[in-house]
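Beneath this line is the structure, given in structure tokens, with notes to follow.
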Amino acid sequence: MRPDAFLVPLKDFDRAKERLRADVALDVPALARSLAAGVITACAPVPVIVVTESGAVADFARGLGAEVWLGDAPGLNGAVRRAYSGLGARFGHVAIVHGDLLAPRGLSGFEPGDGVTVVADHHATGTNVLALPTGLDFRFGYGPDSAARHRREAGRLRLEFHLITRSPWSRDLDRPEDLNSPLDGV
């Protein structure tokens, strides 16, 4: 079942991508903005809801046609949980997508399996895309090894779990070397 909406959590571009900031040659805010724009536009025409604490990011996202939820929930898991809970009245199935995918093209056509679907990062341990029905008491567990935590959470809720490890959406940008890693073969 295709998602009815995409939820894209975005940190203020001036504070995003801390691990990239070691490379002083990179314009990290511009790079974060460019990646986020690619993700938001790749989700169209499916509704996109950006959750952020930043007014500047909110303006940016609105300019791309996204709905914005401003808030200051603690951390990524808190922000996603708050937005996910609020979307249940409007949408039956959502996908949470990180704003740093290197090749987001085709997201609007994503067809996850029944239950919970994770598109893992290129290490097969993180969660780049998480699709699930709304209305669940789902405990989000982003951070290191989040794919395994999301698998356990699906099990706790007795939902089918699907893990996708080879996808263009597995390529995200966390470290400077990710910019030079090949996208082919995924």
- (1) surrounded by fewer than 15 Cβ atoms within 10 Å (Cβ to Cβ); (2) assigned to a loop (DSSP other than H, G, I, E, B); (3) modelled with pLDDT under 90 all hold for residue 177 apart from (2)
- Odd one out for residue 125, checked against (1) at pLDDT below 95; (2) under 21 Å from residue 51 (Cα atoms); (3) among the hydroxyl-bearing types (Ser, Thr, Tyr): (2)
- Task: Go through region 109-156 and give me each residue that's closer than 20 Å to residue 85 by Cα and hydrophobic (A, V, I, L, M, F, W, C).
- Result: 116, 118, 129, 130, 131, 132, 136, 138, 140, 154
- For region 38-65, what are the residues that are closer than 13 Å to residue 107 by Cβ and under 15 Å from the mean Cα position of the chain (by Cα)? 38, 39, 40, 41, 42, 43, 44, 46, 47, 48
- Query: Out of the residues in region 112-125 that are over 15 Å from residue 102 (Cα atoms) and touching a residue at least 24 places away in the same chain (Cβ under 8 Å), which is surrounded by the most Cβ atoms within 10 Å (Cβ to Cβ)?
  - Reply: 118
- Query: Scanning region 140-174 for residues that are under 30 Å from residue 27 (Cβ atoms) and in contact with a helix residue (DSSP H, G or I) (Cβ under 9 Å, 6 or more places away or on another chain), which turns out modelled with the lowest pLDDT?
  - Reply: 174
- Query: Of the residues that sit in region 17-51 and are of a type in the set (D, E, K, R) and either assigned to a helix (DSSP H, G or I) or exposed (fewer than 14 other Cβ atoms within 10 Å of the Cβ) (or both), which one is modelled with the highest pLDDT?
  - Reply: 33
- Query: Looking at (1) hydroxyl-bearing (Ser, Thr, Tyr); (2) crowded, with 16+ Cβ neighbours inside 10 Å; (3) more than 19 Å from residue 167 (Cβ to Cβ), can you tell me which one residue 85 breaks?
  - Reply: (2)
- Taking only region 59-83 into account, find how many residues are modelled with pLDDT of 95 or more and in contact with a strand residue (DSSP E or B) (Cβ under 7 Å, 6 or more places away or on another chain). 5
- Only one of (1) over 16 Å from the mean Cα position of the chain (by Cα); (2) surrounded by 20 or more Cβ atoms within 10 Å (Cβ to Cβ); (3) aromatic (Phe, Trp, Tyr) is not met by residue 161, so which one is it? (2)
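The values are calculated or read from the model by the stated rules, or taken from the named source; none is laboratory data. Since this is a predicted model, take the numbers as computed values, not measurements. Here Cβ is always computed from backbone atoms with ideal geometry, including for glycine, and neighbour counts include all displayed protein chains.
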